[in-house]
Each structure stands twice: as structure tokens, then as C-alpha cells.
Amino acid sequence: MEALAVALEASPLGAWARGSDLAYPVANLVHLLGLVLLVGGIGLLDLRLTGLFRSLPVATLSRVLTPLAIAGLVLLGLGGAVMFSADATALFASTVFRWKVALIALALANAAAFRWLRRRRMARWDVDPPPAGRVMAAGSLGLWLIVAGLGRWIAYS
């Protein structure tokens, strides 16, 4: 894996990300916009799934907010790839970065499991929310917030 990080950093993408006056700052802004869309979208849905905002129907919120969260995830990936390529070797060695990547994988697995396990019950969520689903939603929100915090922490580690 370290060889892949070295190769990515030495690639034209890595050289561009380091050498351009705009590449890294724009990638950082795209990454931030992605974070806002992801946490804003899935965070509000997670809060509803945990029991807040009960007057708002879960199915409607899910239909509206999930695409925003997915768009945010795509933007995070694009911006993150450019930023990672600029300094891949150092980031690959960073414990904070590794924790961030591991928690992203856990958050994505939680989201996939939630969709797979709860998709049939979503219509009944407003009447009979499952306790395990509420825990998964709270876990989702917590994981994404920790991931965001770790992303900021990388600059200081």
C-alpha cells in the first residue's frame, strides 16, 4: 500500500495538486462543500431517525436528503483524492488519517446495513421506529462527525 501512495504522489495528479496555485485550495473547498452536503443531509435524516422532528415524515426526508448526502460523499471523494495525492506518503503514514479512513469504511458499512435492514420498514418508521434502527442512525451521525473532526485534526498531527 505504501508503494501505491508513493506512486500516487509522484503521478501527474500529485504533481498538479502540489504545483498548481489553485488545485489544492479548490480541492479543499470541494471537500468542505461535500462535508456540508453529507453531514447536512444525512445528519438531519439521522436526527429524525433517532426521534427528533417527529412531525416530518421519515420517507419524505429520506427521499429528499439521501441524494444530497450521496452528492456530498462524491464531492468528498473527489476533493479528498486530489488533496491526498499532493501528500500521499505523509498521509499514508499518519495514524489520524488511518483512523479517518477506517471510520469512513465503518460509516459506509453502517449506511449500507441500515438501508438493507430497514428499507422495508421505512414507511412504518413514523409509527413504530425500531430501537436498533435508532441506534444505527445515532451511530451514523456520530461516525460522520468524528470523521470530520479527524479530517481537521490531520493538519495538526
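The values are calculated or read from the model by the stated rules, or taken from the named source; none is laboratory data. Values in this document were obtained by computation on a predicted structure and should not be read as measured data. Glycine gets a Cβ as well: all are built from the backbone with ideal geometry, and neighbour counts include every protein chain shown.
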Inset, instruction - State which residue is nearest to LEU141 (Cα to Cα) when the search covers only the range 117-127 and only residues that are without any contact (Cβ under 8 Å) to a residue 24 or more places away in the chain and not in a helix (DSSP H, G or I). - result: ARG119
Inset, instruction - Provide a single number: the residues in the range 70-98 that are closer than 29 Å to GLY133 by Cβ and either surrounded by fewer than 16 Cβ atoms within 10 Å (Cβ to Cβ) or at pLDDT below 95 (or both). - result: 4
Legend entry - Within the range 117-139, tally of residues that are exposed (fewer than 13 other Cβ atoms within 10 Å of the Cβ) and of a type in the set (Gly, Ala, Ser): 2
Inset, instruction - Considering every residue within the range 19-33, establish whether at least one is surrounded by 16 or more Cβ atoms within 10 Å (Cβ to Cβ), within 18 Å of ILE146 (Cβ to Cβ), modelled with pLDDT of 95 or more and touching a helix residue (DSSP H, G or I) at 6+ places or on another chain (Cβ under 6 Å). - result: yes
Inset, instruction - Might you let me know whether the range 93-100 holds any residue that is part of a helix (DSSP H, G or I), under 13 Å from the mean Cα position of the chain (by Cα), basic (Lys, Arg) and farther than 28 Å from TRP125 by Cβ? - result: yes
Inset, instruction - Restrict the check to the range 112-129 and report whether at least one residue is within 18 Å of GLY51 (Cα to Cα) and of a type in the set (Gly, Ala, Ser). - result: yes
Legend entry - Check on ILE42, closer than 24 Å to ARG120 by Cα, in contact (Cβ under 8 Å) with a residue 60 or more places away in the chain, β-branched (Val, Ile, Thr) and surrounded by 13 or more Cβ atoms within 10 Å (Cβ to Cβ): yes
Legend entry - Counted residues, the range 17-34 - those being aliphatic (A, V, I, L, M) and under 19 Å from the mean Cα position of the chain (by Cα): 6
Inset, instruction - Evaluate the range 104-116: report whether one residue or more is surrounded by 15 or more Cβ atoms within 10 Å (Cβ to Cβ), under 30 Å from GLY19 (Cα atoms), touching a Leu at 6+ places or on another chain (Cβ under 9 Å) and in contact (Cβ under 8 Å) with a residue 24 or more places away in the chain. - result: yes
Inset, instruction - Search the range 128-148 for residues that are without any contact (Cβ under 8 Å) to a residue 12 or more places away in the chain and in a helix (DSSP H, G or I) and pair each with any residue that is acidic (Asp, Glu) and surrounded by 14 or more Cβ atoms within 10 Å (Cβ to Cβ) when their beta-carbon atoms are under 9 Å apart and the residues are at least 6 apart or on different chains. - result: GLY142/ASP46
